Amino acid sequence: MIMPWNRSELATVLNLDQCSDLTRALEEAGIDCHVKVVDRTLHSGSRERSGTLFQEHSCQYTIYVLRRELQAAIEVTGLTPIR
């Protein structure tokens, strides 16, 4: 089970299709993952400050994996770590 103390962030994407592709690849490789969805339109004040210009993507998807499986998940998905 993925809990906050034993997880690592694999990726943050703004597209549901890309999120689905990544999670499907992880599941096919047998790597457990958890997706956190944040609705970016609900945060108070954000729309008033930025208008609709930056509201193209209404949701943000953060994909987490077990810390010990992070390197395998990076290899399976082909992502490049930024840290």
Query raised in the report: Any chance the range 46-61 includes a residue that's at pLDDT 95 or above, within 22 Å of Pro4 (Cβ to Cβ) and either open to solvent by 100 Å² or more (accessible area, probe 1.4 Å) or not in a loop (DSSP other than H, G, I, E, B) (or both)?
Result: yes
Query - Pair list, Cβ < 9 Å and 6+ apart or interchain, from the range 15-43 residues that are on the phi < 0 side of the Ramachandran plot and among the small types (Gly, Ala, Ser) to residues that are outside any loop (DSSP other than H, G, I, E, B) and open to solvent by 80 Å² or more (accessible area, probe 1.4 Å) - result: Ala29/Glu75
**Report entry** Number of positions in the range 14-36 that are outside any helix (DSSP H, G or I) and modelled with pLDDT of 95 or more
**Finding:** 8
Report task. Filter the range 62-83 down to residues that are under 19 Å from Asp32 (Cβ atoms) and β-branched (Val, Ile, Thr) and give me whichever is most open to solvent (accessible area, probe 1.4 Å). Result -> Val76
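The values are calculated or read from the model by the stated rules, or taken from the named source; none is laboratory data. Computed from a predicted structure; not experimentally measured. Every residue, glycine as well, gets a Cβ built from its backbone with ideal geometry; the counts of neighbours run over all protein chains shown. When the accessible area is computed, the model is the full protein with side chains, heavy atoms only, and any ligands, DNA or RNA have been set aside. Shrake-Rupley method; radii C 1.70, N 1.55, O 1.52, S 1.80 Å.
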